[in-house]
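Coordinate-derived values only; no laboratory data. Bear in mind the structure is a predicted one, so any value in this text is a computation, not a measurement. All Cβ positions, even for glycine, are placed from backbone atoms using ideal geometry, and neighbour counts span all protein chains on display.
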Amino acid sequence: MDQRYDSAYVFGAVCPARDTGAALLLPRANTEAMQLHLTEIEKTVTAGAHAVLLMDNAGWHKTKKLNWPKNISPLFIPPASPELNPTENIWQYMRQTWLSNRVFKDYDAIVSAGCDAWNKLLDEAGRIASIATREWVTAVNAFAS
């Protein structure tokens, strides 16, 4: 049995209200990768808007070494509660639909498949909104208006 493996990490964020997202596929999950991700998200936030980024408590999410863009605020979910983060459902959908039960030739093939899956997700009108919309967020937005 061949037990070699390579991994790529999808750093992604979605905006259900706009039915869009921003992502990077990176070779490592660490502070440097998280900073690149924040910079990518910063570019996609609508001018004049402010994003709230739901995240778990991974070390690279909470480090003081991160330079948070002014238009993004973190909201850390309780430990061991991935069900509170709608992006977890996005990953599940991508795995089920495009990435499961496959063997990839090499690292480049993994990255290519991940990018292809992300782009297909973005191309499915209404898909991000249908997966990631949460009633409690909508209620909070309505209350704040």
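Before moving on, here are some points about what is shown:
- Here's the list of aspartates and glutamates a cross-link from Lys105 could span, going by alpha-carbon distance under 20 Å and ignoring same-chain residues fewer than 8 apart: Asp2, Asp6, Asp116.
- Local electrostatic count, Ala22, Cβ distance below 10 Å [Lys/Arg +1, Asp/Glu -1]: -1
- From helices alone, the chain scores -12000 deg cm²/dmol at 222 nm; the rule is -39500 (n - 2.57) for each run of n ≥ 4 DSSP H residues, then divide by the residue total.
- Cβ crowding within 10 Å ranks Glu83, Glu124 as Glu83, Glu124, fewest other Cβ atoms first.
- For Ala8, the shell of other residues with beta-carbons less than 14 Å away shows a net charge of 0, using +1 for Lys and Arg and -1 for Asp and Glu.
- For the chain, the relative contact order comes to 28 percent (Cα pairs under 8 Å, sequence separation of at least 6).
- Contour minus Cα-Cα distance for Ala58 and Thr46 (0.36 nm per residue): 1.6 nm
- Relative to the current alpha-carbon distance between Lys65 and Glu135, full extension at 0.36 nm per residue lengthens the span by 21.9 nm.
- Approximate spin-label separation Ser81-Arg18, in nm, with each point projected 7 Å along Cα-to-Cβ: 2.7 nm
- FRET efficiency, Asn89 to Lys120 (Cβ-Cβ, R0 22 Å, nearest 0.05): 0.85
- Proximal lysines to Lys65, defined as alpha-carbon separation beneath 24 angstrom and excluding residues fewer than eight positions away on the same chain: Lys43
- Taking amide hydrogens as placed 1.01 Å from N in the peptide plane, the amide H of Cys15 sits under 5 Å from those of Thr20, Gly21, each at least 5 positions away in sequence or on another chain.
- Local charge for Ile77 was computed over the other residues whose Cβ lies under 11 Å away, with Lys and Arg +1 and Asp and Glu -1, and equals -3.
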